[in-house]
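J.: I'd like to ask some things about the structure below.
The values are calculated or read from the model by the stated rules, or taken from the named source; none is laboratory data. What you see is a predicted model; the values in this text were computed from it and never measured. Neighbour counts run over all protein chains shown; Cβ positions are idealised from the backbone, glycine included.
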Amino acid sequence: MAENNESLMQRREQAVPRGVGQIHPVFIEHAENATIVDVEGRQYIDFAGGIAVLNTGHRHPKVIDAVKRQLELYTHTCFQVVAYEPYVELCERINALVPGDFAKKTLLVTTGSEALENAVKIARAATGRAGVIAFAGGYHGRTMMTLAMTGKVMPYASGMGLMPGGVFRARFPDALHGVSEDDAIDSIEQIFKNDAEPRDIAALVVEPVQGEGGFRVASPQFMQRLRALCDLHGILLIADEVQTGAGRTGSFFAMEQMGVTADLTTFAKSVAGGFPLAGVCGRTELMDAIAPGGLGGTYAGNPVSCAAALAVLDVFEEENLLARARTLGDMLTSRLRQLAESDKRIAEVRGLGAMVAFELMKPDGAPDPELASRLVMRAREKQLLLLSCGQYANVIRILVPLTATDAEVEEGMAIMAGCL
Ligand code: PLP
């Protein structure tokens, strides 16, 4: 048998900086759809989805086939040096999927953080302004600019000193913790009053459902108010759909359900079924604001990842996964609401489509991160992989592949209920 988890953990501790967190002390041997098998042969149901990357499951056969075909042709040329069709075709298909009845273009990069960096660069070039408004609880990545936009310092920016300037923080609506939509809009007005004039703000960046921030869902009305504020002041609206995109919420992009369009939309994670790919899609005139050579990167839009993403889009159509996200979401939500009826530590069940989470509180109403962390650990012992999130790390989020069977989902839910 291969080395066991414990000895691999010891090697990991010697070789990898402690800043690279690892939630589960498990080393994977192989995986398929919603199942991970570790190096000791233990099987886990995967409700973590590699942090929202596996909407089409581990190693979807269609994705694997497309990748193999691409590997037989070429693996890299750098799009800026010698272009290739899968990049262009993927951009065409993303342009058609991003909500908005206007001409669009798409830039492909490699990670969600890069997508956000580039969205801000494009917004700055297009408006001639530098400021950005971002939300408390928002998460946009681990590069310096995206860390500055991220509304949670611990642990992401801890010990790193000053972040790039020009980012102003608004409040995000959260009824459970006493922040109304009016409070959130008012916090933006306060920024305009006290910190920066609207004419200095290039963009407002928002996750339609905050991911790392605890699956907090923006209402369509709130998004419409943001859109109106942006229009009033000539500020660009960036929808960060890195976690909400690629069908998780029951529409390919969550903004479809919000009744507003963004000027720039970022995506990543599940779009390429486990291969590194991300991008920014936006109005043509904005996307063309940066001079040739100003966008891109050596590996940006790698052809193997593009082939994987094209297969993911086909799988969504062939397997009707948007409808599946909605029914799965209903199933998860009703199961969790049943649990919440008898377990008062579950203060709220919320989500959009199959992006579902629940928040754990103590009897005195304080967030309960210890309970969340014990639940994650207990569930792992029972062979279910879970993830927590949220401002207070007291939210359990469910990111099971949309391709998981009802039986697998029920089994995972039963384990979780038992652990609670
Ligand atoms: N934006 C959102 C909403 C995210 O959830 C994430 C990652 O979790 C990012 C950006 C950063 O993506 P990446 O980790 O691929 O850089």
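J.: Which of the residues that make up segment 141-165 are of a type in the set (Gly, Ala, Ser) and exposed (fewer than 14 other Cβ atoms within 10 Å of the Cβ)?
T.: Residues satisfying the conditions are Ser158, Gly159, Gly161, Gly165.
J.: Exactly one condition in (1) away from the ligand (no atom under 16 Å from the Cβ); (2) in a helix (DSSP H, G or I) is not met by Ala148; state its number.
T.: (1)
J.: Report, by residue number, each residue of segment 114-135 that is touching a residue at least 60 places away in the same chain (Cβ under 8 Å) and under 16 Å from the mean Cα position of the chain (by Cα).
T.: Matches in segment 114-135: Glu114, Ala115, Leu116, Ala119, Ala134, Phe135.
J.: Can you find, within segment 274-313, the residue that is nearest to Val98 (Cα to Cα) among those that are polar (S, T, N, Q) and away from the ligand (no atom under 16 Å from the Cβ)? Working first, answer last.
T.: Quick first cut of segment 274-313, residues polar (S, T, N, Q) only: 284, 298, 302, 305.
When the remaining residues are screened for being away from the ligand (no atom under 16 Å from the Cβ), the result is 284, 298.
Values: Thr284: 13, Thr298: 25 Å.
Restricting to residues being polar (S, T, N, Q) and away from the ligand (no atom under 16 Å from the Cβ), the top hit is Thr284.
J.: If you take the residues of segment 353-380 that are out of contact with any Asp or Glu (no Cβ under 8 Å at 6 or more places or on another chain) and free of Cβ contacts under 8 Å to residues at least 24 places away in the same chain, which of them is surrounded by the fewest Cβ atoms within 10 Å (Cβ to Cβ)? It would help to see each step written out before you state the result.
T.: So in segment 353-380, the residues out of contact with any Asp or Glu (no Cβ under 8 Å at 6 or more places or on another chain) come out as 353-357, 363-366, 368-380.
In the following step, the residues that additionally are free of Cβ contacts under 8 Å to residues at least 24 places away in the same chain were identified as 363-366, 370, 373-374, 377.
On the way: Pro363: 8, Asp364: 6, Gly365: 10, Ala366: 10, Glu370: 12, Ser373: 15, Arg374: 14, Met377: 14.
The extreme case among them is Asp364.
J.: Can you tell me which condition Cys281 does not meet? The list is (1) over 21 Å from the mean Cα position of the chain (by Cα); (2) surrounded by 24 or more Cβ atoms within 10 Å (Cβ to Cβ), and all the others hold.
T.: In the conditions (1) over 21 Å from the mean Cα position of the chain (by Cα); (2) surrounded by 24 or more Cβ atoms within 10 Å (Cβ to Cβ), Cys281 misses (1) alone.
J.: Could I ask something else about it? Can you tell me which residues in segment 230-245 are in a strand (DSSP E or B) and within 16 Å of the ligand (Cβ to nearest atom)?
T.: Leu237, Ile238, Ala239, Asp240
J.: Could you say whether any residue in segment 50-68 is β-branched (Val, Ile, Thr), touching a Lys or Arg at 6+ places or on another chain (Cβ under 9 Å) and within 16 Å of the ligand (Cβ to nearest atom)? I'd like the intermediate steps shown before the answer.
T.: Just the residues of segment 50-68 that are β-branched (Val, Ile, Thr), to begin with: 51, 53, 56, 63-64, 67.
Then drop every residue that is not touching a Lys or Arg at 6+ places or on another chain (Cβ under 9 Å), which leaves 51, 53, 56.
Restricting the remaining residues to those that are within 16 Å of the ligand (Cβ to nearest atom) gives 51, 53.
Within segment 50-68, one or more residues are β-branched (Val, Ile, Thr), touching a Lys or Arg at 6+ places or on another chain (Cβ under 9 Å) and within 16 Å of the ligand (Cβ to nearest atom).
J.: To continue, here is another question. Failed condition for Thr111, given (1) in contact with a helix residue (DSSP H, G or I) (Cβ under 8 Å, 6 or more places away or on another chain); (2) within 16 Å of the ligand (Cβ to nearest atom), with all others met?
T.: Status for Thr111: all satisfied but (1).
J.: Another question about this same structure. Report, by residue number, each residue of segment 246-269 that is outside any loop (DSSP other than H, G, I, E, B), within 11 Å of the ligand (Cβ to nearest atom) and under 13 Å from Ile94 (Cβ atoms).
T.: Passing the criteria: Thr266, Phe267.
J.: Do any residues in segment 10-27 that are surrounded by 11 or more Cβ atoms within 10 Å (Cβ to Cβ) have Cβ atoms under 8 Å from those of residues that are aromatic (Phe, Trp, Tyr) and not in a loop (DSSP other than H, G, I, E, B), where the two are at least six apart or on different chains, and which pairs are they?
T.: Val26/Tyr44
J.: I've got another one for you. Is it the case that some residue within segment 143-156 is touching a helix residue (DSSP H, G or I) at 6+ places or on another chain (Cβ under 6 Å) and charged (D, E, K, R)?
T.: No - not one qualifying residue is present in segment 143-156.
J.: I've got another one for you. Right, Phe222: at pLDDT 95 or above, more than 19 Å from Ile188 (Cβ to Cβ) and either surrounded by fewer than 22 Cβ atoms within 10 Å (Cβ to Cβ) or not small (Gly, Ala, Ser) (or both) or not?
T.: Details: at pLDDT 95 or above: yes; more than 19 Å from Ile188 (Cβ to Cβ): no; either surrounded by fewer than 22 Cβ atoms within 10 Å (Cβ to Cβ) or not small (Gly, Ala, Ser) (or both): yes.
The answer is no for Phe222.
J.: Identify, from the list Gly137, Gly100, the residue that is among the small types (Gly, Ala, Ser) and away from the ligand (no atom under 16 Å from the Cβ). Full working, then the answer.
T.: Values: Gly137 fails: away from the ligand (no atom under 16 Å from the Cβ).
On inspection, the qualifying residue turns out to be Gly100.
J.: For Phe168, only one of the following conditions fails: (1) crowded, with 20+ Cβ neighbours inside 10 Å; (2) over 22 Å from Met255 (Cβ atoms); (3) within 12 Å of the ligand (Cβ to nearest atom); (4) in contact (Cβ under 8 Å) with a residue 24 or more places away in the chain. What is its number?
T.: (3)
J.: For segment 1-42, which positions are more than 24 Å from Val409 (Cα to Cα) and not in a loop (DSSP other than H, G, I, E, B)?
T.: Asn5, Glu6, Ser7, Leu8, Met9, Gln10, Arg11, Arg12, Glu13, Gln14, Ala15 - these are the residues of segment 1-42 that are more than 24 Å from Val409 (Cα to Cα) and not in a loop (DSSP other than H, G, I, E, B).
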